[in-house]
Amino acid sequence: MTRDLLTIVVAAFNEAQALPLLHPRLRAVLDTMPDVESRVLYIDDGSRDATWEVLQHLATQDPRVALLRLSRNFGKEAALTAGLDHVDAGAALILDADGQDPPELIPQFVARWREGFDDVHGTRIEREGEGWLKRGTAHVFYRVIGRLSHTPIPADTGDFRLLSPRSLAALRQLRERHRFMKGLFGWVGFNSVAIPYHREARSAGASKFNFWRLWNFALEGITSFSTAPLRLATYLGLITAAVAFVYALWIVIKAMLWGDPVAGWPTMMAVILFLGGVQLIALGLIGEYLGRLYLEAKQRPLYLVDAWKPAAGVFSSRQ
Ligand code: UDP
Ligand code: MG
């Protein structure tokens, strides 16, 4: 009987405190699944603390651990891409290093995969340790992007998911530089299923995503998966033009009927400022897309690898 192959992919940026808590949990869970040949691939995303030393220590203790170190901090999305690129066989399961995605659920993910699902993703029922503002904005974000994008992006779903070998292969073909992973997973499609779970609070350390980063992340998501804002600019222009036309007509008629006793400074200013504002918004929107096109056109690699250490025990069979 060939055993199923599974690699747990964990991106870590300054997680020296959280990793020693995560790994024993992970190991305990993997030990309960003797019918799965498992690996744990940690990606050090250019950490500035002792993360790499901690990881190397874990690797000497556990032959299942593989390590990848990027040349600098490329961000979570690039780190995950690097990790998934290095999974050469079997399925991959993405997990946060801070213990917010409970490893204890892995057997459930694997069970669904065995039922034939290609994309098994965790959907948060509750987010502990996160303020109402973060929860509220996240809620709004998922609703907005759900309406704007033609790609199905399940709400309240993070990167906690298992990808079958074929959806992994499909994902690898998407080499865009602006990587909004949730959208990319949705774009791939195949059979997907959600597993509801309670998102725990961070085990140690602080979140790497402040509001500014989340805002940019949201912009990334919307511009990567929808051109609706460009369409919006068109409609905004059309509406403004229509209103301006009616207003101009009214001014002309008024002048013909009652004469023009040169007033109109306030209206003039209001119109100029309004039109200027609308034009700047439209230009800004075009600029957002143009900037992304520019970065895309450079065709730089998505990440650079500094060090790669495969697991000591090699997969016994290949799928
Ligand atoms: N992460 C990363 N590179 C970064 C930022 C974050 O690899 O530049 C990792 C981080 O170590 C963690 C995961 O991404 O494993 C989620 O980050 P975090 O917990 O800070 O985000 P939150 O859960 O608050 O959204
Ligand atoms: Mg977290």
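What follows is calculated from the coordinates using simple rules that are stated; it is not laboratory data. The model shown is predicted, which means the values in this text are computed figures rather than measured ones. Note that each Cβ is placed from the backbone with ideal geometry, even for glycine, and that neighbours are counted across all protein chains shown.
Just a few scattered comments:
- Dipole of segment 123-272, positive end: most advanced residue of 180, 221, 190 [Cβ charges, Cα centre]: 190
- Highest-MSF residue in the chain out of 234, 137, 157 [GNM, Cα springs under 10 Å]: 234
- Take the Cβ atoms of residue 198 and residue 293, set R0 to 41 Å, and the FRET efficiency comes out at 0.50.
- Going from the residue with the fewest nearby Cβ atoms within 10 Å to the one with the most, 198, 86, 178, 121 rank 198, 178, 86, 121.
- Computed [θ] at 222 nm, deg cm²/dmol, the chain (DSSP H ≥ 4; -39,500 (n - 2.57); rounded to nearest 500): -16000 deg cm²/dmol
- Electrostatic tally near residue 181: other residues with Cβ closer than 9 Å to its Cβ, Lys and Arg +1, Asp and Glu -1, net +1.
- Set of aspartates and glutamates near residue 134 by C-alpha distance (under 15 Å), chain-local residues within fewer than 8 positions excluded: 126, 156, 200
- Taking all C-alpha pairs of the chain, those more than 35 Å from each other amount to 32 percent.
- Listed by chain and number, the lysines whose C-alpha is less than 17 Å from the C-alpha of residue 182, apart from same-chain residues fewer than 8 away, are 76.
- Computing FRET efficiency as 1/(1 + (r/R0)^6) for residue 280 and residue 235, where r is the C-beta to C-beta distance and R0 is 25 Å, gives about 0.90.
- Across segment 11-82, Cα pairs under 8 Å and at least six residues apart give a relative contact order of 41 percent.
- Chymotrypsin sites (Phe, Trp or Tyr not before Pro) within segment 136-210: DSSP coil, no more than 14 neighbouring Cβ in 10 Å: 190, 209
- The chain - percent relative contact order, Cα under 8 Å, separation 6 or more: 24
- Fluctuation leader among 212, 258, 308 - the chain, Gaussian network, Cα springs under 10 angstrom: 258
- FRET E, pair residue 305, residue 227, Förster distance 51 Å, beta-carbon r, rounded to 0.05: 0.95
- Debye, to nearest 20: dipole size of the chain, +1 on Lys, Arg Cβ, -1 on Asp, Glu Cβ: 600
- Candidates 86, 103, 67 compared by Cα position along the dipole of the chain: farthest toward the positive end lies 86, with charges placed on Cβ.
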